[in-house]
Every structure is written in structure tokens, then in C-alpha cells.
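Trainee: Dropping the structure in here first, questions after.
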Amino acid sequence: MLSRLSRLIEANAERFALLDTLVMGKPIRDMLAIDVPAAVQNFAYFAELCDKIDGAVTATAAGPFTTSCASPWA
């Protein structure tokens, strides 16, 4: 479902950009160049991650919040 959602967002990028621009007021060029592609990548990333969860826990230092998922666009 996440993979399909990613493809649908990508296929309707201009609509999403326009709607978000109307609601948030952000320039549509930024929506098309940054926000919508990031949403597509985010859903695609987590769609691919779903079958790779093995139950292992990454060791982290006590105190600070840490995540172990490496973002493909970082």
C-alpha cells in the first residue's frame, strides 16, 4: 500500500503541490522541487523497509534520542 501511495503521489505531483501551496502558502516551485519529491521518497523508502524488519535493536547511548534508520536522501 505504501508503494502504491508513493506512485500515486508522484503521478499527481502537480495536484498535491497546488493543494499544499493553497493551504500552507509555500511557493509552488518549492513544493514541486522539494516537498512532493520528499513525500514520494519517504513513502517509497518505508514501503521497501517493511519486509526488512528483523526485530534487532540497535544499541544507543543513554540519554539522547537516536534513530538507526539511514535516510537514502540524507
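The values are calculated or read from the model by the stated rules, or taken from the named source; none is laboratory data. Since the model is a prediction, treat every value here as computed from it, not as a measurement. Cβ sites come from the backbone with ideal geometry, for glycine too, and all protein chains shown count toward neighbours. Heads up: the accessible areas ignore ligands, DNA and RNA and are worked out on the full protein's heavy atoms, side chains in. Shrake-Rupley method; radii C 1.70, N 1.55, O 1.52, S 1.80 Å.
Trainee: Expressed as a whole percentage, what fraction of the accessible surface of the stretch 1-61 belongs to carbon and sulfur atoms when a 1.4 Å probe is rolled over the protein heavy atoms? Don't jump to the answer; show the numbers that get you there.
Mentor: Details: 2980 of 4780 Å².
Heavy-atom surface of the stretch 1-61 belonging to carbon and sulfur, 1.4 Å probe: 62 percent.
Trainee: Highest mean first, how do 34-46, 2-14, 18-30 rank when packing is the count of other Cβ atoms within 10 Å averaged over residues?
Mentor: Values: 34-46: 16.6, 2-14: 14.5, 18-30: 12.5.
The densest-packed peptide leads the list: 34-46, 2-14, 18-30.
Trainee: Can you tell me the FRET efficiency between Leu18 and Ile53 if r is taken as the Cβ-Cβ distance and R0 is 35 Å, rounded to the nearest 0.05?
Mentor: Using R0 = 35 Å, I get an efficiency of 0.50.
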